[in-house]
Structures are given as C-alpha cells and as structure tokens.
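Notes to accompany the following structure.
The values are calculated or read from the model by the stated rules, or taken from the named source; none is laboratory data. Small disclaimer: the values here were computed from a predicted structure and weren't measured. Every residue, glycine among them, receives a Cβ derived from its backbone with ideal geometry; neighbour counts consider all protein chains shown.
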Amino acid sequence: MTRVFAYVGALAIIAIAGALPAAQGPQSNGPGGDGAVPTPRLASGRPDLSGTWGAGGGEGGGRELVEYEPGKLAEEFPSRRCGPNQVNCGDYTNQSEDGEFTARLNPNRPIYKPEYWDKVQQLDMWTNKYDPLFFCQPLGLPRAGAPARILQTDKDVVFLYAAGGGGTGNAEYRTIPIDGRKHDPVKSQDVLFWGHSVGRWEGDTLVIDSVAFNDLTWLDKGGYFTSENKRVIERFTRKGDTLVYEVTVEDPEVLAEPWVMTPRTLRLNTNKDAGLLSEATPCRDYDHANMVTQIRH
C-alpha cells in the first residue's frame with residue numbers, strides 16, 4: 001500500500017520561506033548548515049524557528065521524496081513490506097506483512113527496568129489491541145515527532161502537528177511560553193497527553209521542558225509504555241534552512257536510564273503553498289471491539 005503525503009493542503013509539510021522575517025544581518029549557520037543561507041533572527045536576536053518543516057533526510061528521519069508536479073513534493077513510504085516467500089509483490093503495495101514488526105528497525109530503543117520487560121513484550125505482542133495509535137487519541141510526546149510548522153514570537157511558540165494517514169495522529173497544536181518561566185505549580189500536577197510545557201534559550205537552542213503527562217501514550221512502536229512521571233526535554237536548533245530536533249525522555253518509574261532519541265535534521269522547503277494546513281478527516285475506530293487475535297492491521 002502506498003501512502004503519499006502531499007506537501008500542500010491538509011498534509012502539507014513544506015515551508016514558506018518568504019513568510020520568514022529577514023535576518024538581522026549576516027549570521028553563521030554553524031555545523032550542519034549549508035554555509036550559504038543565514039539563520040533568520042527576530043529583532044531580539046534570537047533565531048527565528050518559524051516555518052514549515054519536514055522531509056528531513058538526517059539521522060532518524062526523512063523518507064524518499066517524489067516530485068509529482070513541478071515544485072511540489074510528496075513523501076512515499078511502505079506500510080507493509082514483502083515477505084521472502086511472496087511472488088509478484090511490490091515493496092510499496094504489500095499488505096500481508098506485519099508493519100509493526102518490519103518498521104521497528106531503529107536499534108536505539110528505550111531501556112526498561114527488569115520488572116517491566118514482560119509488560120513491554122506483552123503490549124508488543126498485542127499491539128493491535130493496546131497500541132494507543134488505534135484509539136484515535138493524540139500520539140503525544142515524543143511519538144508525534146517534530147512539529148510540521150512553527151510560529152514564533154519573542155514570548156512564545158506555537159507548534160502545529162499535521163494529521164496524517166495510517167494512524168499517524170490527529171491535527172494538534174501546542175502553545176508554549178519561551179520567556180524562561182518555571183513550571184506552574186498547579187498545572188504541572190495535571191495529567192495531559194502533551195504535558196505542561198515551558199521554554200528557555202540555551203544560546204541559539206530553544207529548549208522545551210514538558211512534565212505533567214498521563215500514562216496513555218507510548219514512546220514508540222513496540223509496547224514502549226510510559227508512566228505519569230515522564231519528563232520530555234526537546235531541543236530545537238536552527239542552522240540556516242535546517243532544523244535539528246533532539247529529544248531526551250526521563251521516566252524514572254519505568255525506565256532504567258533516560259532515553260535519548262536519535263536526532264532528526266529537518267529541512268525548510270520554499271514552496272509557496274507551504275503550511276496551508278486544513279481540517280483533516282476525524283479519526284474513528286470501527287474495529288477495536290472485534291479484536292480476537294494478534295493479527296495486526
């Protein structure tokens with residue numbers, strides 16, 4: 001089965017470079033930049049992270065891009081791969097393989113305390129029954145990944161997450177203060193899908209610190225559940241027309257050590273139709289009550 005995320009309309013993952021403020025004089029990209037594009041900055045001198053980001057291609061992210069019309073890009077990826085015993089099977093069309101298994105190729109996995117490994121394996125074996133992805137709920141952090149679009153002022157940032165196909169989440173947003181404030185003593189006791197987030201700057205890197213999570217989301221495929229004691233630290237570093245996204249997850253209740261996700265490097269695309277995110281089809285579950293086997297769909 002081929003799923004195509006067009007970089008226009010509801011699934012847009014392209015950025016409007018013309019919408020970005022002009023840089024406040026020449027700035028070095030630093031490592032990872034292309035050496036030719038200055039890093040845009042606000043009047044305050046802080047890097048401007050605004051734009052629509054995606055189609056990374058750096059470590060841990062990015063899929064094959066297809067230019068289906070001049071200047072318009074699409075992202076293709078397989079939901080199921082072919083088995084060795086199948087004939088006349090195309091890697092982008094097969095539906096008989098277990099995508100939850102074949103997609104888990106990243107060796108960078110969270111390490112759980114010994115008493116929780118049985119639970120992780122049980123959740124993994126019954127992925128089609130227990131994976132929150134099938135409940136139409138928010139994927140939460142860090143599973144949702146980097147935002148598709150960022151809107152930034154001197155006081156806050158807005159992260160927009162585009163809805164996608166195949167259970168990749170609903171269209172969501174987060175509004176986060178970045179003035180260096182501490183966690184609110186009351187709100188930080190909530191139990192939320194996205195947590196209670198505050199931001200601060202460490203040099204040119206924006207650091208988002210999130211607490212107050214519920215225990216209803218997973219870190220990733222594979223039964224990687226979390227507790228209400230989870231804490232997520234996200235780091236965003238813009239270098240020219242690239243955005244480096246780094247995440248560290250702490251959950252001392254169930255994890256033996258903090259989990260550092262493989263960094264992703266996202267690119268800014270200059271298509272003029274970028275970022276026109278529209279309403280997505282609501283996610284509805286029609287089959288969960290009928291689950292009787294571990295055959296995943």
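Which numbered condition in (1) more than 15 Å from the chain's Cα centre (by Cα); (2) assigned to a strand (DSSP E or B) is the only one that residue 174 fails?
Unmet condition: (1).
Taking the stretch 212-255 as the search range and keeping residues that are of a type in the set (Gly, Ala, Ser) and free of Cβ contacts under 8 Å to residues at least 60 places away in the same chain, which one is nearest to residue 52 (Cα to Cα)?
The selected residue is 212.
Report yes if residue 215 is crowded, with 16+ Cβ neighbours inside 10 Å and either among the acidic types (Asp, Glu) or out of contact with any Asp or Glu (no Cβ under 9 Å at 6 or more places or on another chain) (or both), otherwise no.
For residue 215, the condition - crowded, with 16+ Cβ neighbours inside 10 Å and either among the acidic types (Asp, Glu) or out of contact with any Asp or Glu (no Cβ under 9 Å at 6 or more places or on another chain) (or both) - is not met.
Quick one: how many residues across the stretch 254-276 are among the acidic types (Asp, Glu), in contact with a helix residue (DSSP H, G or I) (Cβ under 9 Å, 6 or more places away or on another chain) and at pLDDT 95 or above?
Adding up the residues that qualify gives 0.
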